[in-house]
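Q: Structure below; questions to follow.
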Amino acid sequence: MTTTVLLIVVVAVAALVLIAAIAWVARNKRTQHRRVEAEDIRDKATDESHKVGQREALADETAAKARVAQAEADAKAAHAAGLQHQAHIRRTDATSARDEVNQEFARADKIDPDTQTRDDAPREESEPREAPRGTSRGKQTPPSMTRAG
């Protein structure tokens, strides 16, 4: 019986060693496989990181172009506002000058005995001014200005 027990123990120990060896080899293969898989994932991530970097650079470039375009638009808007202000001032000056000229014509009409206007009916700006009868000085009347909207 001792030989049988000894044989059983040796076979059991051998089986345990064999199982442990198989487990160790399997674990090493699994670890190696995971290392390879992790390396593949890192390679793909590196490639994607490069592509993402290019996308980020393109986004930065586009944002810079947008800032430049916005600055140009702001400058043009400021220029347009300045021109509008200048046009308003010039329109006001021209209107004042036109009023003064019309007052001078009215004054001349009052003084001139040959003018055919009535004092109670002011002449419209669109009516042509007639030269007094008997005078042919060749003077022309300036065109009347109409006010734009």
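We did not get these values from a lab; they are worked out from the coordinates using the rules stated. Note that the structure is predicted; figures quoted are calculated from it, not measured.
Q: Need the list of lysines near Lys110 for cross-linking: C-alpha distance under 26 angstrom, and skip anything on the same chain fewer than eight residues off.
A: Straight-line reach from Lys110, under 26 Å: Lys139.
Q: Starting from the Cα-Cα distance between Val25 and His85, subtract it from 0.36 nm times their residue separation and give me the gain in nm to one decimal. Could the numbers behind the result be given before it?
A: Values: separation 60, 0.36 × 60 = 21.60 nm, distance 8.77 nm.
My answer for the length gained is 12.8 nm.
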